[in-house]
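To start, the structure under review is shown below, and the notes come after it.
The values are calculated or read from the model by the stated rules, or taken from the named source; none is laboratory data. As the structure is a prediction and not an experimental result, all values here were calculated from the model. As a convention, Cβ positions derive from the backbone with ideal geometry for all residues, glycine included, and neighbour counts pool all protein chains shown. For accessibility, only protein heavy atoms count, side chains too; no ligands or nucleic acids. Shrake-Rupley method; radii C 1.70, N 1.55, O 1.52, S 1.80 Å.
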Amino acid sequence: MRRVCDPGGAAPCDRMPRKGYRLGFPSCAREEMPALPAFMKLKVDHKTVLCRDTNTYRALRDFLLNSGYSSVYETERVGEAKTAMATFACLSPLTGERLAVVLGLSAPGEVSHAQAPFAYGFAGKPQKDAQTYMQHLALRTTDIEKLKSYIESKGGEFLTPIYKDKDSFGPLLQSFTRELFDDEWFFIEFVQRDYDADKAGPGGTQFVQNTVKSLYVSKQEEFREWEKTGKKRKFLDGVPEKERSKLLKDILANTEPKGYVETVAPIARNVKLT
């Protein structure tokens with residue numbers, strides 16, 4: 001049980017957290033917060049949605065293409081010899097939004113990690129009618145090495161190293177955290193694009209095949225560990241409990257455009273940012 005402040009100025013109230021990190025950020029704090037370093041001033045780069053089956057994957061891909069999005073990456077299969085995923089990524093020339101759509105390809109006797117929400121449920125319960133799941137949010141930084149070192153110094157745990165490669169427009173650096181919550185499959189990706197990503201229009205590839213494959217393999221190994229033990233090593237496990245709220249707020253609440261992260265369902269279910 002922990003105490004949080006009532007934004008309306010009433011007496012403090014008790015709030016029982018669910019499993020994982022159920023963090024509230026009190027809006028009644030009056031002290032001024034120190035300015036964040038430049039590498040912590042983040043922008044939304046893209047988000048990735050998982051699909052339950054082939055029909056959902058194809059329908060979502062076709063809908064996006066028919067809605068004005070342009071393909072910036074596509075592969076029918078990438079991953080391991082047994083399990084893998086199909087991936088389609090696209091860009092809206094009008095808004096600049098990037099969206100990746102993924103279909104997990106399981107093997108006989110082994111579930112692809114990209115099928116985990118549909119095979120095991122999410123938000124703490126089975127979701128037999130769910131056709132999609134928002135798997136991760138990618139946030140763009142100006143210096144991924146400083147950002148990763150800073151978060152790790154606080155106790156945050158990453159699943160991957162920094163992958164360094166190039167897309168069609170220039171250097172692309174990426175690193176992925178461990179999952180954030182016990183009963184979700186959501187994680188954060190940090191991206192550094194060493195070019196003006198907001199002006200990079202359609203006509204080129206904005207994802208890197210080697211990184212996509214490396215991430216898949218790391219996620220599948222992490223998933224196998226969970227299947228064996230039933231336990232997750234989460235992103236903020238190493239952060240002292242009293243500091244988790246501030247670190248997650250520094251990452252999410254200040255991300256541009258304001259309010260975007262609240263549209264990502266796993267975050268909206270588990271974290272209060274105001």
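Tell me, rounded to the nearest percent, the portion of alpha carbon pairs in segment 48-181 spaced more than 18 Å apart.
Roughly 63 percent, rounded to a whole number.
How about Lys41: which lysines have a C-alpha closer than 20 Å to its C-alpha, ignoring those fewer than 8 places off in the same chain?
Lys146, Lys148, Lys154, Lys199, Lys246, Lys249, Lys258, Lys272
For the chain, modelled as a Gaussian network with Cα springs under 10 Å, which listed residue fluctuates most, Gln206, Gln131, Gln192?
In the Gaussian network model the winner is Gln131.
Roughly how many nanometres apart are two label points built 7 Å out from the Cα toward the Cβ at Glu225 and Lys146?
That separation, rounded to one decimal, is 3.0 nm.
Please name whichever of Pro93, Ile151, Val271 sits farthest to the positive end of the charge dipole of the chain, dipole taken about the Cα centre and charges placed at Cβ: Lys and Arg +1, Asp and Glu -1.
Looking along the dipole axis, the top candidate is Val271.
Based on the Cα atoms of segment 106-212, what semi-axes does the equivalent ellipsoid have, where each is the square root of 5 times one gyration tensor eigenvalue, given in whole Å with the largest first?
They are 28, 19, 13 Å, listed from largest to smallest.
So what is log10(I(q)/I(0)) for segment 47-87 at q = 0.35 1/Å, when the Debye sum runs over its Cα atoms only?
Here log10 of I(q) over I(0) equals -1.28.
Could you give the radius of gyration (one decimal) and Dmax (whole number) of the Cα atoms in segment 135-186, in Å?
When restricted to the Cα atoms of segment 135-186, Rg and Dmax are 12.3, 37 Å.
Cα-Cα pairs above 28 Å in the chain: how many percent?
Value for the chain (Cα pairs over 28 Å): 36 percent.
Any idea of the accessible area per residue across segment 122-162, 1.4 Å probe, to the nearest Å²?
Accessible surface, normalised per residue, equals 47 Å².
Could you order the peptides 212-223, 142-153 from most to least packed, using the average number of other C-beta atoms within 10 Å per residue?
The peptides rank, most packed first, as 212-223, 142-153.
Take the Cα radius of gyration of segment 207-274 and divide it by 2.2 N^0.38 Å, with N its residue count; two decimals is plenty.
1.39
When DSSP beta bridges are limited to those with both residues in the chain, what percentage is antiparallel, rounded to the nearest 5?
Approximately 75 percent, going by the DSSP bridge assignments.
Roll a 1.4 angstrom probe over the protein heavy atoms and tell me the percent of accessible area of the chain that is carbon or sulfur.
Result for the chain: 51 percent of the exposed heavy-atom area is carbon or sulfur.
Where does segment 162-235 land on Rg(C-alpha)/(2.2 N^0.38 Å)?
1.32
Past the 15 angstrom mark, what percentage of all C-alpha to C-alpha distances in segment 83-146 do you count?
Beyond 15 Å sits 65 percent of the P(r) for segment 83-146.
Using r as the Cβ-Cβ distance of Asp237 and Asp62, and R0 as 41 Å, what FRET efficiency do you calculate, to the nearest 0.05?
So the FRET efficiency works out to roughly 0.55.
Once you have the Cα-Cα distance between Lys82 and Ala38, take 0.36 nm times their residue separation minus that, and quote the gain in nm to one decimal.
11.6 nm
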